[in-house]
Each structure stands twice: as C-alpha cells, then as structure tokens.
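Scroll down for the structure; my scribbles are underneath it.
The values are calculated or read from the model by the stated rules, or taken from the named source; none is laboratory data. What you see is a predicted model, and the numbers here were worked out from it, not measured in a lab. All Cβ positions, even for glycine, are placed from backbone atoms using ideal geometry, and neighbour counts span all protein chains on display. Note: areas computed on protein heavy atoms with side chains; ligands, DNA, RNA excluded. Shrake-Rupley method; radii C 1.70, N 1.55, O 1.52, S 1.80 Å.
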Amino acid sequence: MIDVMDKFPFTRVLQFNFEDEPGVYVHAVKGSDVVELAARIHANTVVIFARDAWGRAFYDSKVSEKHPKLGSRDFLKEVVEAAKKKGIRVVAMVGHTTNPKLYEKHPEWAQRGIDGSPIAMDTDPKLAKGERMRWPLMCLNSPFLKHVAEEIREVLAYGVDGVFLDSFRYMPDLERACFCEYCKARYTKEKGRELPSKEDWESAEYREAFEWRYGVNVNALRELYKVVKSTKPSAILAYNNHPAGWKGRANTIVEKAKEQLDVVFAECAEADYNPPGFIAEMVKLTRAVSGGKHVWASRNSFHAALTTTTTTPVAIRQGLREAFIAGGHPFYLVFSTTFCQNPDVEQAAAEVFKELEKLEEYMEDAEPVKYVGVAYSNRSRDWGGKRRPDHITDSFRGFYYALTWAGVPVTFISDSELDVGAFKDYKAIVLANVQSMSEAASKHIEGFVEEGGGLVATYTVSLLDERGVERKKPALSKLLGIEYDGLLKYPWSYLRLTKKHAVTDGFAGGQLLLWGDFDREFMERRVPEELAWHVRVMAADGEVLGRVVEPIGEYGNEYENGRSPPPAGSEREAPAILAKEPGGRIAYFTGQLGRLYWRLGLPGHERLILNSVRWVAGESPARVTGPGLLQFEAYERDGQLIIYLLNLTYSRRIVTRPNSALSRIWHSTADCLHPPHEVVSLNDVSIMISGEYEVLRAYSPLTGKRYHLEDRDSSHVIKLDTLGEFEAVVIDVK
Ligand SMILES: [Zn+2]
C-alpha cells in the first residue's frame, strides 16, 4: 500500500528503455540524459529496465549478467543518482518472464507446452517457426520466482522507489499453458489429480485448472509483493495487465491480485489500431478490475510498432490526456532509438505534462460522476467466451463506446463489484451479455432495480454461475420477466420494432432492423459465431417492443460472394426487446446489441443503446452536447465539479482493412494506418449540468478563463464558443 505517503507521487511517467538486442545507443545515453529528459518533459517518475527481456542487467548484479555494452558502467546507479538530485522517482523493471540468459543455464525452469517444448513469447514468423527461439518464458512455479525476488532485493538496495513487473506472463489457455515438471507436481499435490491435457470448457476439471493457473499468477505476485514490502516498505509494486492483450486474461489476474498491487500498468501498445478514446477506455477498465488502484496508461512516442521514429504530436498529446482525464496517470514510452534519432520526441509530451501539473490538484479526492456503469465481466469473457473471449468483450465495448460518444459519463464495473453490490450509486447498469454471474450479484441487482435503479441487459445474461456452470434458467429471469427456452440460431436475423415506446423512439412503426454481420476473415465461415442468435424467451410480464424475424435463407446473393444478408422472412412470436418497470426500469434485448454496435457502428443499433439507457437511467447529471467526437469526463468532490473535454475530432486518422483474411486480392495494400494529424476545432459545444446542483461559478484552471453559466430548462449550461484540443472546466458548487 502506498498510504505511507501523503500523495501518490508517480503521476507523470517517462519510460525509457534500451529496446534493441545489440544495444546500439547504450554507449551514447548516460543515466543523467534520461533524468534530464524526464525533467524537460515535466515527468516526475522514470521507469527503466534494470533487467531486460534478454536477461541482461543494467547494474552490477549478482544474479544476472550485465549488458555487455555497459562495460564498467552501472546505468541504474547513474539514473538513481541523477534522479535524486532532481527529485524524480525511479521505478525499476525486473522480472520479465522472458529470460534467454537464464534459460541457457536453467532450461528446466522454462514454461513447457503439453508436448514438452518451451513456450516462447515470439510472434515473429521466422522465429515462431523454431529456427531460433528468442524469448522463452520462464515458469512462475519454478525457482525462477526466487531469481526474480533476488532481482527485486538488488534493485531496491539501489534506492529505487518501486519495482515494475512489465512482461510477467503465465497464461491459462491450453495452447499457452505450462506443463513443466514444477507445474505438474504442484497441481497434483494441490488438486490430487493430473493437469487436464485437453481443452474442454464444459468440464469442471478443465475450468478448475484454468482458474488454478490464474492462481499461480496471483501467488507469484503475493510472494513478490512481500519481498518488496519487507525490503523497502515505501516502495511500490506495479504490474502490467496489458488490458487489451493476452485475450484480456490478465485483467482477471489484476482482479484477483489487487491487494498485492500498488499500481497497475494498462499498456496501450495497440492504441493506434483502436478507436479514439481507447487509452481512456483501458484506464477505466483497469480501474474497475483493480478496485480503483492507481493506473498508469501508456502513449508510445512512436506510431504503431515503428519504434525508431515518432508519431504525430497530436497523437501524443491527446493520448497522454486521455490517460489523465479517465482517472489514470500518463506513461510516456520512449525507446533509446526514438530518443537518439528524433529530436522531436519531447515537445508534445512536455506540453501535456506541464498542463497536468496544473490539473492534478483537482483530481485529489475527486470521484467520477456516476451515471451508467457498464459491466466488464472477466468471468463472462472466460466462461462465456471460452476460446473466443473477444466475442463477449465486444458486447461491453459496444455499449461503452456508444455511450461515450453520446457525451455522457460512463465507467466500467467489475464482477467483484457486482458480487458485493458496489454499484448502487449509478443511475443504471448495463449487463451486456454478462453470461457469468454469482447468485449474490443477481440478488444485489434485483435489490438495485427494486430501489429504482435502471438496468439494460442482453442475450444470455446470468445463464452461467460464477464458475461457468450453466443454470437451468438465467438467475435474472424473474427480474427480467422472461421464461427462458433456449436459443434461436440463425446465420442472420432481423428485429421488427412493433411497439411505440421510449426505447424504440425514432424508428418507424414496424421497421425492420438487421441483426448480423459477415465474418471479417471469411475463411472458415460466412458469419461470426452466434452474432445473429437470440435467446428464445416467453414474456412473463412486461411489454414486448420488438420481435425476432427470421431470414429467408443462409445468405444473400449479392453482395461480395456470400457476405451479404438474406432478406427478412417471417416474424416469430419470440420477443426481441422487452421493457418493464418493477420499481426501476429494465430494458432487455434477446440478442447481442453491444457486439453488433462494436462491429458495425450503425445508427439503428446505436439508437437502441442510447434510447434504452436514457429510458432506464434518466438524463445524465452532467453531459456534453455539440458536434464532433468528444471524450467527456466528469468528476465531483467536495464543493466542485470537474469537467474534461477532450476533442478527438481528427482531420485525418485513417485505418483501412480488407473484407477477408485473404488480403492480397486487391489492386493495393488493403491495410493502412495513418495517425491523426490535427484536431478540428469545434464550435457550439455545451456542457449541461443538472439543475440539482447549485452552481456558483465556472472557470478553466488552464487559462483562468471564466465561463458564463446559463439556466435553461432544468439544466445549467456552459457554452464554449470554441473548443480546441482540450479544456478543463471547474464548477464551484454549493
Ligand atoms: Zn510450469
């Protein structure tokens, strides 16, 4: 815990690594150069490799060989000494599970697949073919863990302020799971049987082994946390969950190990391939699964994987701001090559970190304004998604992005929060295909709705218990007013919107809405699994607002060789949308609305999401209206509302992709990836604050500008004539 300190001091982070195997620039960069760079960009924390993924130390270590290019130099010492003079904190990265040096000495400590061959992190096609394994992973059940403990003691003795486990990987999925002698022996000892050797999600034994592997991670983190705290109580332990990577599984590790972590690092390496606002999304997701731990979130200085160059300044500025406004701490990654070859590596980060020096004080004791909580259910991703966890996560993300882009405050809630009912301050919660749910959570949700809370739920919500065992009927059946009768399995389907209601507002009476999409790989199947399916329900009570419509066939004749949907056929009795008001309001969709929106972004699906949330939650206590694409974040603390408006309306940010995994059939490369070049300024953006707040004054802590507050209907309105890249507005309230 970091409560030994008054205030969390690791808020603006520069990560600086010698990233290349030969270490071309090791001779050119001294520890003081890194610290001076940190000082110039207004970072207060430096994160560096103390031991890299090749197994080489950047200090005089007794347990690891030193980087050969360092000679007699001790880089860690150089950094720590220079940082002390400037009051900058140092966090050392150790413990990467990839360690080829150690593997040479102790091949028996490596993670081994079911066939006994070592498991490596390599994805390079040449290396993955086995010509030369670069990055074998060491096993957390082997004496490797003691080796990491020793690394931690060594670097803490240098006076660093914390330890960061960056690439610390031990996966539960069978194709990446370890079957080394240590793991086999430990499992047999603890469980009294052998590790299951077949992937069988329906078997309790398989799921138990899957959970056991999570436990291996948690135990390792617990051990290392003890080492950190017993060696230097004020030092922090940080862990990289890489929330969008590793099938999302490390989010479960964080959820289970949160008491052993001080900081979680939400690595956002894939931000350039993701929607605008991705870094903010990863911060909120990580805050939720970690129970509100401090979160670092990275914006790389380079575009995509092009580590030797820099990306556009606006990509850097907006990315670092995203991390901050979402409630995290920005983490700027600069590699030695980026630094040595690009003089423009520091300007954009410096501008933002300087700005955040002014804003950080407003985040002390500030809590996000609670309006809608979208469940990000780790268990549903595992037990519902099985081999395809992405199909489940799509549902959470679809709702999250539709609401974010609608300019209302939205955060994630975790399974642990559902279990203990820690969501009752929200106006509404969204359970988008949250298949796996504990009995306790379902009781809390019932109580929440009884007391007036809103609920939007979709598809097979609560059909599985928290261990993945299928129930006879969803735990929330009674609350939702449904009688469950299995699944309607179609390659495509439609909804007919049969009834006028707030949820169907904006649709013509009887309008059809397409429910499905073609498979983007288009190799093994025409359509993605389950995308157009519905839960077959009978409405026990509540209103039916729409019904399921069958397709007339497997696929349409045009367009693009079997990718298009067939026309609508006959309407089924089966409800597609249900609404009821047993206290609070409930909207239930029998299909996967969030997943469809994530894939397609079509206005019909978006309208259903926004209509249903608005109907169950009421109007947001704070929101933004106006043109463009905005990331809106709202916080409150005693006597103040703090509003952030981040303008993500980019003039050029291009991501193209082919309609097939066969990408070489076009006249030109089907994939292209351009970073944003500039933000388009917006006019007539308005912040709307509920009339329930008694507002006194509004101003920008960045520029000192005072904003006029106008009362309109039951809201206070602050109109911004122009919004550039970013604005912060503080509203003093009584
Ligand atoms: Zn093992």
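Within segment 370-412, restricting attention to residues that are hydrophobic (A, V, I, L, M, F, W, C) and assigned to a helix (DSSP H, G or I), which residue is most open to solvent (accessible area, probe 1.4 Å)? Give the derivation first.
Just the residues of segment 370-412 that are hydrophobic (A, V, I, L, M, F, W, C), to begin with: 372, 374-375, 383, 392, 396, 399, 402-403, 405-406, 408, 410, 412.
Now drop any that are not assigned to a helix (DSSP H, G or I), which leaves 383, 392, 396, 399, 402-403, 405.
Working: TRP383: 12, ILE392: 8, PHE396: 0, PHE399: 0, ALA402: 0, LEU403: 5, TRP405: 86 Å².
Once the filter is applied, the top-ranked residue is TRP405.
Looking only at segment 179-195, which residues are more than 13 Å from the ligand (Cβ to nearest atom) and touching a Ser or Thr at 6+ places or on another chain (Cβ under 7 Å)?
Quick first cut of segment 179-195, residues more than 13 Å from the ligand (Cβ to nearest atom) only: 189-194.
Once the filter is applied, which keeps residues that are more than 13 Å from the ligand (Cβ to nearest atom) and touching a Ser or Thr at 6+ places or on another chain (Cβ under 7 Å), segment 179-195 yields only GLU194.
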Original post:
Being assigned to a strand (DSSP E or B) and of a type in the set (Lys, Arg), is that true of even one residue in segment 582-605?
Top reply: no
Original post:
Which of the residues belonging to segment 87-116 are open to solvent by less than 50 Å² (accessible area, probe 1.4 Å), out of contact with any Pro (no Cβ under 8 Å at 6 or more places or on another chain) and farther than 27 Å from VAL160 by Cα?
Top reply: GLY113, GLY116
Original post:
For segment 1-60, what are the residues that are over 25 Å from ASN99 (Cα atoms), open to solvent by 10 Å² or more (accessible area, probe 1.4 Å) and not in a loop (DSSP other than H, G, I, E, B)?
Top reply: SER32, ASP33, GLU36, ALA39, ARG40
Original post:
Which residue pairs have Cβ atoms closer than 9 Å, lie 6 or more positions apart in sequence or on different chains, and pair a first residue in segment 234-252 that is within 14 Å of VAL264 (Cα to Cα) and outside the structural domain of ASP122 (by TED's automatic domain parsing) with a second residue that is of a type in the set (Ser, Thr, Tyr) and part of a loop (DSSP other than H, G, I, E, B)?
Top reply: none
Subject >> Options LYS84, LYS126: the member that is away from the ligand (no atom under 14 Å from the Cβ), at negative phi and modelled with pLDDT of 95 or more >> reply: LYS84
**OP:** Would you check if there is a residue in segment 206-219 being touching a helix residue (DSSP H, G or I) at 6+ places or on another chain (Cβ under 6 Å) and among the acidic types (Asp, Glu)?
**Re:** no
Original post:
Within segment 223-237, can one find any residue that is in a helix (DSSP H, G or I) and within 16 Å of the ligand (Cβ to nearest atom)?
Top reply: yes
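Would you kindly identify the helices (runs of 4 or more DSSP H) lying entirely within segment 264-367 that contain at least 1 residues that are surrounded by 21 or more Cβ atoms within 10 Å (Cβ to Cβ) and of a type in the set (A, V, I, L, M)?
278-289, 313-325, 347-359
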**OP:** May I ask you to list the residues in segment 88-119 that are more than 15 Å from the ligand (Cβ to nearest atom) and either touching a residue at least 40 places away in the same chain (Cβ under 8 Å) or outside the structural domain of VAL35 (by TED's automatic domain parsing) (or both)?
**Re:** ILE88, ARG89, VAL90, VAL91, ALA92, MET93, VAL94, GLY95, HIS96, PRO100, LYS101
Original post:
Which pairs do you get when a residue that is on the phi > 0 side of the Ramachandran plot, found in segment 358-374, comes within reach of a residue that is open to solvent by 70 Å² or more (accessible area, probe 1.4 Å) and assigned to a loop (DSSP other than H, G, I, E, B), reach meaning Cβ atoms under 8 angstrom, with the pair 6+ apart or on two chains?
Top reply: ASP365/ASP638
Original post:
If you check GLY604, GLY542, GLY569, which single one turns out to be farther than 30 Å from MET688 by Cβ and either among the hydroxyl-bearing types (Ser, Thr, Tyr) or in contact (Cβ under 8 Å) with a residue 40 or more places away in the chain (or both)?
Top reply: GLY542
**OP:** Please work out if ARG207 is more than 13 Å from the ligand (Cβ to nearest atom), surrounded by 14 or more Cβ atoms within 10 Å (Cβ to Cβ) and outside any loop (DSSP other than H, G, I, E, B).
**Re:** yes
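Do any strands (runs of 3 or more DSSP E) lying entirely in segment 617-734 carry at least 2 residues that are surrounded by fewer than 16 Cβ atoms within 10 Å (Cβ to Cβ) and over 29 Å from the mean Cα position of the chain (by Cα), and which ones are they?
Values: elements: 622-625, 630-637, 640-647, 682-690, 695-699, 709-712, 715-723, 726-733.
Result: 682-690, 695-699, 709-712, 715-723.
If a residue has to be hydrophobic (A, V, I, L, M, F, W, C), within 13 Å of the ligand (Cβ to nearest atom) and either open to solvent by 20 Å² or more (accessible area, probe 1.4 Å) or under 19 Å from the mean Cα position of the chain (by Cα) (or both) to count, how many in segment 165-178 make the cut? Before you say what the answer is, go through the steps one by one.
Applying the first criterion (hydrophobic (A, V, I, L, M, F, W, C)) to segment 165-178 yields 165, 168, 171, 174, 177-178.
Narrowing the set further to residues that are within 13 Å of the ligand (Cβ to nearest atom) leaves 171, 177-178.
Now restrict to residues that are either open to solvent by 20 Å² or more (accessible area, probe 1.4 Å) or under 19 Å from the mean Cα position of the chain (by Cα) (or both): 171.
Number satisfying all stated conditions: 1.
I need the full set of residues from segment 179-196 which are in a loop (DSSP other than H, G, I, E, B) and open to solvent by 70 Å² or more (accessible area, probe 1.4 Å), in order please.
Initial filter on segment 179-196 (in a loop (DSSP other than H, G, I, E, B)): 179-180, 192-196.
Correct list: ARG193, GLU194.
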**OP:** Could you figure out which of (1) under 25 Å from GLU267 (Cα atoms); (2) more than 16 Å from the ligand (Cβ to nearest atom) isn't true of MET138?
**Re:** (2)
Original post:
If only one of VAL47, VAL26, VAL4 is at pLDDT 95 or above, under 23 Å from VAL228 (Cβ atoms) and among the aliphatic types (A, V, I, L, M), which one is it?
Top reply: VAL47
